[in-house]
Structures are given as structure tokens and as C-alpha cells.
Amino acid sequence: MRKLLLQGLIRRPVTEATPRLDEVGIAALAGRVDVAARRRLGRSLSIREVDAGSCNGCELEIHALNNAIYDLERFGIRFVASPRHADVLLVTGPLTLNMQTALSRTYAATPGPKWVIAVGDCAINGGVFAGSYAVADGIGGTVPIDLAIAGCPPAPEQLLDGLLILLESSSRTANPG
């Protein structure tokens, strides 16, 4: 034990370098999402994240949208605690059998117009958990999916791109409720 303690005092910590981000590009992308939301909804976008049984990899990337690097709040895009205040449901993880009813109720509680985004491979088709006895695979059998963002996990920039595609697409109309 003493040996490990001494090594910890002598060696420098191993850390990753700060990711190089195009702050201007990210700000422009987030600004375009806000403008599209205001044009489409008449107000800023409200997002409710629903974990349907994931490993939390996708949640970490979604929560990164609120950190100091991305800070979506400055553009009026906000995460809400209740589905009753949401425009978009970001659903992550393979749909576990225990979460099927909860996801259905969350979808029903979200007022129209509303969109559902399947975030990550697991939400789309069950991912590595597909075929498990406790998993109903992807969320598409329980709620209608308006947009699927593939990845394991998808990067925050992909999430912003997905929101922009959803809001700017004239062919995609929100589910009325």
C-alpha cells in the first residue's frame, strides 16, 4: 500500500487532452437550432430525456450539451423535468420490459406537437442488448420515432445536427399527440 502511495506522489496524473472544439461552429449550430425552433414552434425548444434502460453512455453525451463547452441554455434550448413541458423526447437505451409502460405514459403525457428522437444504436434496434430476455429491443414498437441518431454513443454535435434536421425538415411534421 505504501508503495502505491509513494508512486502516486511521484508520478504525474494521466489525463486526456482537452478536446479541440470549433466553438464558433458549435455556437452557430446551436443558434441555428434555436432559430429553427422559434420559427417552427414560436418559442424555444424544450427537451425531455428518457432513459429506457441504457448503459448511460448516451446520457453522458446528452448531458454534455449542458456543460460549459456547449451550454445550450444560452441559446434558449432547455432540458425540462416533466414531459408535460417538452417538445422533444430524447430516448436512450434499449427498451427494457420494465420501462415499456413508463415510456408509453411519458409519450402520452407530452403535449402535441411532439417529436421522438431515438438516440444511439440501442434505442434504434436494441444495440448490443438486442435479443435479451429483458429487452424489447428498440423503442419503435412502443412509440413512433421521428428521427434516429445512430452511434454508440453519438457525439453532442450529432445530437445538435439531429435537432436541426428535425426542426428544419418541412416533410417531418410533429406527432399531433
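Each value in this text was obtained by applying a stated rule to the coordinates, not by laboratory testing. As the structure is a computational prediction, the values presented were derived from the model and not from experiment. Please note: Cβ atoms are built from the backbone with ideal geometry, for glycine as well, and neighbour counts cover all protein chains shown.
So for the chain, averaging the separation of alpha carbon pairs under 8 Å that are six or more residues apart and normalising by length, what relative contact order in percent results?
Here the relative contact order equals 22 percent.
Loop only per DSSP, at most 15 neighbouring Cβ atoms within 10 Å: give me the chymotrypsin sites (Phe, Trp or Tyr not before Pro) in region 79-177, ordered by residue number.
Y133
Can you tell me how much longer the chain between N67 and T101 gets when fully stretched, taken as 0.36 nm per residue apart minus their C-alpha distance, in nm with one decimal?
The span from N67 to T101 would gain 9.1 nm if fully extended.
Let a ≥ b ≥ c be the square roots of the eigenvalues of the Cα gyration tensor of region 1-160; is it rounded (a/c under 1.5), or, if not, prolate (a/b larger than b/c) or oblate?
oblate
Restricting to DSSP H runs of at least four residues, report the calculated mean residue ellipticity at 222 nm for the chain, -39500 (n - 2.57) per run over all residues, nearest 500 deg cm²/dmol.
-11000 deg cm²/dmol
Report the antiparallel proportion of the DSSP beta bridges in the chain as a percent, rounded to a multiple of 5.
The answer is about 10 percent antiparallel.
For region 83-177, just run the numbers: alpha carbon Rg, then divide by 2.2 N^0.38 Å, N being how many residues it has.
1.05
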